[in-house]
Amino acid sequence: MVFDLSPPEGLCITGLAPEGDGTAALISPDEPGFWPVFTASAEYGDRQPDPLDRWSKRVIGVWAGRLGARAVYPSDGPPFPPFASWALASGRCFSSPVGMLVHDRMGLFISFRGALILPAPPPEMIGRTSPCITCHRPCLTACPAGAFRPAYDPAACHAHLNEPAGQDCLSMGCIVRRACPISQGCGRLPQQSAWHMRAFHP
């Protein structure tokens, strides 16, 4: 069975993974075009809670209905859909040296707005290797708070963001994510990163 997976404006497919007898098509922001699309939406401007989740569910829900697919979202649950497992099974995401997922095109800026569950198995996947194998791994030493040694320490991260030195991360996005060479070429806009950081550290 062939599906027209042409995504709505601002979104892209960043991986296909087996899900039962079907396929989970992972949906991510299409950088840098995503941010202007989202900030022009009614959800962004209505000052109600969770604008990005509401926008994602509206846009992806319409797309799923057109395809006859089932839409799932990271916020569904508990139990929550296995987005990390799907990402690793897609062959396009890998575990990075700092523990976060790294994507072959988005780097450490990979995120998922939802997934389409399609009633057909995925095509045969081309074997890929982690980009971290040949990388000099600047992510390991980038965090000025040492919040990723040896594993992610949320308390150290938040404490750093409370200090003047943490304003760079708040306004530009996590410096560890930015240190990834692939992240630097993915097109993520600083305004988007700042918006997410304000949600993470209000």
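The values are calculated or read from the model by the stated rules, or taken from the named source; none is laboratory data. Computed from a predicted model, the values in this text were never measured in an experiment. All Cβ positions, even for glycine, are placed from backbone atoms using ideal geometry, and neighbour counts span all protein chains on display. Protein only, heavy atoms only, side chains kept; ligands, DNA and RNA dropped before computing areas. Shrake-Rupley method; radii C 1.70, N 1.55, O 1.52, S 1.80 Å.
Of all residues being among the polar types (S, T, N, Q) and outside any loop (DSSP other than H, G, I, E, B) in segment 159-174, which is least open to solvent (accessible area, probe 1.4 Å)? Just the residue, please.
Ser171
Looking at segment 45-77, which of the residues that are of a type in the set (Val, Ile, Thr), under 19 Å from Ser6 (Cβ atoms) and surrounded by 15 or more Cβ atoms within 10 Å (Cβ to Cβ) is farthest from the chain's Cα centre (by Cα)?
Just the residues of segment 45-77 that are of a type in the set (Val, Ile, Thr), to begin with: 59-60, 62, 72.
Imposing the further condition that a residue be under 19 Å from Ser6 (Cβ atoms) reduces the set to 59-60, 62.
If we keep only those that are surrounded by 15 or more Cβ atoms within 10 Å (Cβ to Cβ) as well, we get 59-60.
Numbers: Val59: 17, Ile60: 15 Å.
Out of the qualifying residues, it is Val59.
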For this session: Residues being closer than 19 Å to Cys93 by Cβ and either part of a helix (DSSP H, G or I) or open to solvent by less than 30 Å² (accessible area, probe 1.4 Å) (or both): count how many of those fall in segment 139-158.
Result: 3
For this session: Please go through segment 22-38 and pick out each residue that is under 15 Å from the mean Cα position of the chain (by Cα) and not hydrophobic (A, V, I, L, M, F, W, C).
Result: Ser28, Pro29, Asp30, Glu31, Pro32, Gly33
Exercise. When residues of segment 1-43 are filtered for being closer than 12 Å to Pro122 by Cβ and open to solvent by less than 10 Å² (accessible area, probe 1.4 Å), how many remain?
Worked result: 7
For this session: Return the total of residues in segment 16-47 being in contact (Cβ under 8 Å) with a residue 40 or more places away in the chain, of a type outside the set (Ser, Thr, Tyr) and within 20 Å of Phe94 (Cα to Cα).
Result: 10
Exercise. If you take the residues of segment 95-124 that are out of contact with any Cys (no Cβ under 7 Å at 6 or more places or on another chain) and free of Cβ contacts under 8 Å to residues at least 60 places away in the same chain, which of them is nearest to Arg149 (Cα to Cα)?
Worked result: Gly99
